[in-house]
Amino acid sequence: MEEYNSTLQLDGSYEKGIAGLYFKSNTDIRKSYLGWSEETTLFEGYISIKPSSSITFDIGKKTLKWGKGYAWNPVAFIDRPKNPEDTALALEGFTVVSADYIKSFDGSLKTISFTPVLIPAYKDINEKFGKLDELNFAGKLYLLYYDTDIDFMFLTGGSKSTRYGFDFSKNITTNFEMHGELAFIKDFNKKLIDNAGQVSERKDDITSYLLGIRCLTKSDTTYILEYYHNGTGFGANEMGDYFSFIDTAYDTFISSKDDSQLQKALNITEVSYGRTNPMRDYLYLRISQKEPFDILYFTPSLTSIFNINDTSYTLSPELLYSGIT
């Protein structure tokens, strides 16, 4: 069965005086046996006002891009999750009202900035952010201290449980960087299903964290290695029960044409198990080589994601040529 997919992204900006308008759209086009389909989504569209060099106000749909990790960002409380197999993909933002205040100093503390964010969640406004009819508040404090980037962030409100985060990035040498993230989520609600199809909920305080390095060699080879512990994820036994129930539901459908169990599996997948990288512990490795054999604008790379809990893995080669823009 053949299927063809293509994506078109447009972005632009207009600035005049202290104001600016920014947008980014995404159009997905698909050709399958069902015919042609097209969907266009506004990923970002916001107005920015900068009354002084130290203060900026933004209102509209945008991505905040919190976190220092390349493949995962457990502290990105207001952003949609990345695709770790293609981290360069643009993400759809949420509608927010935010400000940014920045101040520089002489001494060991070189820069400080604070970013407060309001995130409404109502019908037709951020419907997928969480519980509706709530106004959420988040904030990020940034410090540049002794050449180390440090962030402290939080999110509170009725749409999601309260959460706190911390991240850092430090260049140990010119070509060797270390980064990390730590997130603490209070009263995280996890939905589970056992092999008999019984659905249950468990509420716990959880911790997620990431630690990684980025190294550039003299031959222009870049290595990125990250370990990610997903505190919201499922253990091997929990995933085993989930897959066992799906197998049973499928056998029931084949024998009796009763699809109620399959529908139940679909529902729990959509709200719980269907996330990217749903288990607890992962390794990420990306190796890229800039212009091998002196081929200008050519960068081949290889990306692997290893699931420590069940030993499964993905291996994704990539050939990038940027000579045509």
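Read-outs throughout are calculated quantities, based only on the coordinates presented, and are distinct from any laboratory measurement. Being a predicted model, the structure only gives us computed values, none of them experimental. Cβ: placed from backbone, ideal geometry, glycine included. Neighbour counts: every protein chain shown.
Summarised in one figure, the compactness ratio Rg/Rh of the range 119-241, Cα atoms and Kirkwood Rh, is 1.09.
For residue 140, a cut-off of 13 angstrom between C-alpha atoms picks up these aspartates and glutamates, skipping any fewer than 8 places away in its own chain: 100, 149, 151, 167.
Ignoring aspartates and glutamates fewer than eight residues from residue 203 along the same chain, the ones with Cα atoms less than 18 angstrom from its Cα are 187, 194, 238.
With distances taken between every two different alpha-carbon atoms, the chain has a Kirkwood hydrodynamic radius of 22.6 Å. Calculated [222 nm] ellipticity per residue, helices only, for the chain: -3000 deg cm²/dmol; basis is -39500 (n - 2.57) per DSSP H run with n ≥ 4, divided by all residues, nearest 500. Past 25 Å, Cα to Cα: identify those pairs from 68/131; 65/218; 24/50; 24/103; 24/68; 68/110, in the order given. Cα-Cα > 25 Å for 68/131; 65/218; 24/103; rest within. Sparse packing (at most 12 other Cβ atoms within 10 Å of the Cβ) combined with a DSSP loop state is found for the following chymotrypsin sites (Phe, Trp or Tyr not before Pro) in the range 127-164: 146.
Principal-axis analysis of the Cα atoms of the chain puts helix 236-256 at an angle of about 40° to the longest axis. In the chain, Cα pairs under 8 Å separated by at least six residues give a relative contact order of 9 percent. For the range 93-187, the set of trypsin sites (Lys or Arg not before Pro) satisfying both a DSSP loop assignment and a count of at most 16 other C-beta atoms within 10 Å is given as 123, 128, 131. For the range 9-77, the list of chymotrypsin sites (Phe, Trp or Tyr not before Pro) that fall in a loop by DSSP and count at most 12 other C-beta atoms within 10 angstrom reads 33.
Centre-to-centre separation between the Cα atoms of the range 86-153 and those of the range 266-325: 26 Å.
Where the centroid of each part is defined by its Cα atoms, how far is the range 189-252 from the range 3-78 in Å? So the two Cα centres are separated by 27 Å.
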